[in-house]
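The values are calculated or read from the model by the stated rules, or taken from the named source; none is laboratory data. On a predicted model such as this, the values are computed, not experimentally measured, just so you know. Positions of Cβ are backbone-derived with ideal geometry, glycine not excepted, and every protein chain shown enters the neighbour counts. We work out accessible area using only protein heavy atoms, side chains counted, and drop any ligands, DNA or RNA first. Shrake-Rupley method; radii C 1.70, N 1.55, O 1.52, S 1.80 Å.
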Amino acid sequence: MKLHMQVLIALGLGLKRNWHIFFGLIAGIFVGAWLHNSENAVLMNVLTFVGQLFIRLIQMVVIPLVISAIIIGITSIGDNKQLGKFGTKMILYYGIITVLAVTIGALLALGFKPGEGAAHYINSETSIGIQAQVETTIEAQKGNVLNLVLGFIPQNPIKSVAEGEMVPIIVFALVFALALAKVGEVNRPIVSFFESVFAATMKVTDWIMYFAAPGVFALTATSVSAFGLDIFGSISEYLLVVLLGFFIQMAIVYPIFLKIFSKASVLMLYAAVAEALMVAFGTASSSATLPLTIACCEKRGISHKVSSFVLPLGATLNMDGTALLQTVAVIFLAQAYGVALTPFLICQIAILAIVASSTCAGIPGAGLITIALVLNGMGLTPEQLVAGFAFLFTIDRILDMFRTMVNVASDTVVATAIADNENEINYDLFNNPEEYKEII
Ligand code: ASP
């Protein structure tokens with residue numbers, strides 16, 4: 001069958017398979033817009049409950065999944081040389097994608113200048129709660145880069161697990177898994193234990209996905225109801241620049257990246273991971289989406305070895321959508337405040353955005369907390385930061401949904417490229433839509 005026919009069938013099947021989640025998403029937008037005007041408190045409470053129930057259910061499996069996936073991933077790669085190759089390639093690929101994201105963000109923001117003439121938005125509607133939250137964050141981050149690094153090393157891994165601190169959990173899991181890989185056969189009981197944990201958490205994910213459509217519907221409706229659809233008109237330039245950036249990443253950068261670094265077709269990949277992308281949109285959390293991201297990739301032929309190593313690390317460290325948004329947002333603020341954007345300052349913003357995005361947790365809103373790092377680094381005063389933040393926070397949820405989708409998509413793009421390079425992908429499954437099986 002001709003490739004374009006295969007792609008069409010893949011997309012068609014993808015839509016058919018996912019129509020219930022997709023329908024939930026679209027219905028959520030309409031119901032949210034209606035709720036914004038009608039203020040129906042009872043319905044709002046029900047929707048909030050359903051959305052939270054869905055998020056909590058998937059969050060419930062994330063920590064056992066991340067730990068078991070990393071341990072199985074690293075011990076199955078086994079020897080040091082192959083592990084080094086996987087690891088280096090992963091850092092390189094994630095790096096390329098994130099550098100491209102900040103470059104696109106900077107070019108678009110400098111070209112379209114969305115910040116000019118936006119000063120009146122920045123000073124209006126400053127909420128006291130947000131001010132306090134932001135001031136505390138900035139205070140905590142001042143001159144704090146070394147402490148930030150120290151914070152990545154868990155003093156007590158059990159406490160990190162109990163408090164859901166993803167980066168320290170990953171650091172511990174990586175070190176522990178490397179040690180297990182080193183000690184040889186004696187690791188069998190522990191590795192088998194984690195294989196069982198992984199299999200069971202994937203099974204739970206399958207069950208939770210029965211609830212994906214109402215969950216995504218409720219989450220989308222509650223987010224949209226907070227601001228209504230007219231938000232798109234009032235701050236359209238900023239929104240459009242960010243959304244255009246995301247579109248370029250998804251429609252141009254990832255396809256070219258896959259073309260250069262693999263034989264995989266991006267459309268086949270998007271069809272394969274459509275569920276994960278829609279859940280990423282609904283939940284605005286890469287971590288919460290992770291179980292599904294792994295399930296989609298594995299069921300479509302990307303080996304367990306690659307997906308269980310590359311995807312958990314990507315869901316925590318690779319946030320190119322977030323980096324793009326942070327770059328646009330900071331340049332936007334600089335333009336609105338009339339700060340001169342020298343080439344040096346632009347490079348500084350871009351580099352800080354790469355660091356800030358990768359220290360950001362895969363949870364809703366985290367990207368706007370770590371943006372303080374970028375703003376601080378460029379020496380804006382706290383008052384300016386607070387006022388600017390208030391504006392950014394108001395509209396953040398909707399952009400969070402989009403950037404999380406981009407973050408998750410790029411994790412799967414990198415996993416596909418590495419799987420291709422290492423002969424860890426089954427192209428019969430990947431390219432043959434008829435082979436696709438329902439995840440749920
Ligand atoms: N919500 C994003 C994610 O989970 C992180 C962010 O806030 O940018 O990927």
Pseudo-spin-label distance Asp428 to Thr88, built 7 Å along Cα→Cβ, given in nm, is 3.3
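Let me check against my output: what whole-number percent is the relative contact order of region 238-333, with C-alpha pairs under 8 Å and at least 6 apart?
Working: 47 pairs, mean separation 27.4, N = 96.
Relative contact order for region 238-333 comes out at 29 percent.
Run the accessible area of region 279-369 with a 1.4 Å probe and give the carbon-and-sulfur part as a rounded percent. Provide the component values of the computation, followed by the final result.
Values: 1510 of 1960 Å².
Carbon plus sulfur share of accessible area: 77 percent.
I'd like the FRET efficiency for Ala27 and Val183, computed as 1/(1 + (r/R0)^6) with the beta carbon distance as r and R0 of 51 Å, rounded to 0.05. Present the calculation step by step, with values, prior to reporting the outcome.
Details: r = 52 Å, r/R0 = 1.03.
It comes out at approximately 0.45.
Rounded to the nearest 0.05, what FRET efficiency is calculated for Trp207 and Thr103 with R0 set to 30 Å and r the Cβ-Cβ distance? Show your work: numbers first, answer last.
On the way: r = 42 Å, r/R0 = 1.39.
Plugging the Cβ-Cβ distance into 1/(1 + (r/R0)^6) gives 0.10.
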By the mean-Cβ-within-10 Å protection proxy, highest first, 329-341, 22-34, 214-226 rank as 214-226, 329-341, 22-34
Within region 311-349, the residues whose backbone N lies under 13 Å from a label point placed 7 Å from the Cα of Val355 along the Cα-to-Cβ direction are 348-349
Once all protein chains are kept in place, Lys263 shows an accessible area at probe 1.4 Å, nearest 10 Å², of 150
